[in-house]
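The values are calculated or read from the model by the stated rules, or taken from the named source; none is laboratory data. These figures come from a predicted structure and were not determined experimentally. Note that we place each Cβ from the backbone using ideal geometry, even for glycine, and neighbour counts take in every protein chain shown. Calculation scope for accessible area: heavy atoms of the full protein, side chains included, ligands and nucleic acids excluded. Shrake-Rupley method; radii C 1.70, N 1.55, O 1.52, S 1.80 Å.
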Amino acid sequence: QVQLVESGGGLVQAGGSLRLSCAASGRTVRSYVMAWFRQAPGREREFVAAITWSGSSKAHADSRFTISKCNAKNTLYLQMNSLRPEDTAVYYCAARDGAVLAGDAAGYNYWGQGTQVTVSS
């Protein structure tokens, strides 16, 4: 099992920035793809970004957001810049076996509890 705990969400004004963190623990996470998804009320969960554990491959749905990680800390990050009210959502950290990036939430085995991001206009 892998445990994922997100932090760093909050209230920010439009145009501001936030950095989310996801602490991973449990079974070795060195063979996992890590990702961020988000879900706004009444909408499906959508892909934000993903990264292989080696960091050699990344994918982003939006160039305003940057995914990164610190292997020494087993921590995943999401730097979000130029935030807009439509970015308001619960942001989830996720992990899946293997080394292939994926944008489908159904492909991820492990999920954190989510952290709320609210962007005011």
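Just a few scattered comments:
- With contacts taken as Cα pairs under 8 Å at a separation of at least 6 residues, the chain carries a relative contact order of 35 percent.
- Each part gets one Cα centre, and for the stretch 89-121 versus the stretch 1-54 those centres are 5 Å apart.
- Positive-end residue of I51, S17, Q1, charge dipole of the stretch 1-53 with Cβ unit charges: Q1
- Here the dipole of the stretch 1-93 is about 300 debye; that uses its Cα centre as origin and unit charges on the Cβ of Lys and Arg (positive) and Asp and Glu (negative).
- Cysteine residues of the chain whose C-beta has no other cysteine C-beta under 4.7 angstrom: C70.
- Taking label points 7 Å from Cα along the Cα-to-Cβ direction, S17 and S57 give a separation of 2.9 nm.
- Once you divide the Cα radius of gyration of the stretch 5-47 by 2.2 N^0.38 Å, the number left is 1.47.
- Accessible surface, the chain, averaged per residue in Å² (probe 1.4 Å): 49
- Heavy-atom accessible surface of the chain: percent carbon and sulfur, 1.4 Å: 47
- 5 angstrom amide H check on T88, placed H, neighbours 5+ away: V119
- Exposed trypsin sites (Lys or Arg not before Pro) absent - longest run of the chain, DSSP non-H/G/I/E/B, at most 10 other C-beta within 10 Å: 44-121
- Calculated over the chain, the projected area of the Cα convex hull averaged across directions stands at 6.6 nm².
- Rounded to the nearest whole Hz, the Karplus-based 3J(HN,Hα) values (6.51 cos²θ - 1.76 cosθ + 1.60, θ = phi - 60°) of the stretch 116-121 follow the sequence 7, 10, 10, 10, 8, 8, with x at glycine and proline.
- Using alpha carbons only, the radius of gyration of the stretch 52-106 set against its Kirkwood radius gives Rg/Rh = 0.95.
- Distance between the modelled labels on R64 and S7, one decimal in nanometres: 2.6 nm (7 Å Cα→Cβ projection).
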